[in-house]
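What follows is a single structure, written as structure tokens, with notes after it.
The values are calculated or read from the model by the stated rules, or taken from the named source; none is laboratory data. Predicted model, so just to flag it, every value in this text is computed and none were measured. Here Cβ is always computed from backbone atoms with ideal geometry, including for glycine, and neighbour counts include all displayed protein chains. To get the accessible areas, we keep the full protein, side chains included, count just its heavy atoms, and leave off ligands, DNA and RNA. Shrake-Rupley method; radii C 1.70, N 1.55, O 1.52, S 1.80 Å.
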Amino acid sequence: MSETPGKQQNTAAFYGQAVASFAVAMAATAVGIYQLSADAWVRGFLAIAVLYLVTSSFTLAKVIRDRQEGAPPAPAYAPFEKR
């Protein structure tokens, strides 16, 4: 019996939870930077650093996903098969 793996789809609830979690994290970080008792240039630097971190994280996730989707499937384990 062989199973062909299909493309796994996320549920709407999982997608919604991921979006909500991202929004809460970004909002909390923005409020924290805004409330920080530092000069405006320090808060601006931190805001730009957070935005750069977010965009580079999305890029890294896309690169990893593209590499995994393009990789050939791993060979099945057959311990008694002659090579």
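Observations
- Put simply, when 60-71, 29-40 are sorted by average Cβ atoms within 10 angstrom per residue, most first, you get 29-40, 60-71.
- Tilt relative to the chain, helix 40-70 - C-alpha long axis, 0 to 90 degrees, to 10: 10 degrees
- Taking every protein chain into account, the accessible area of the chain amounts to 96 square angstrom per residue (probe 1.4 Å).
- Taking label positions 7 Å along the Cα-Cβ direction at both GLN35 and PHE80, the computed distance is 6.6 nm, reported to one decimal.
- Two-site label geometry, ARG43 and VAL63: point separation in nm, points 7 Å out along Cα→Cβ: 3.3 nm
- Between the Cα long axis of helix 12-35 and the first principal axis of the chain there is an angle of about 30°, rounded to the nearest 10.
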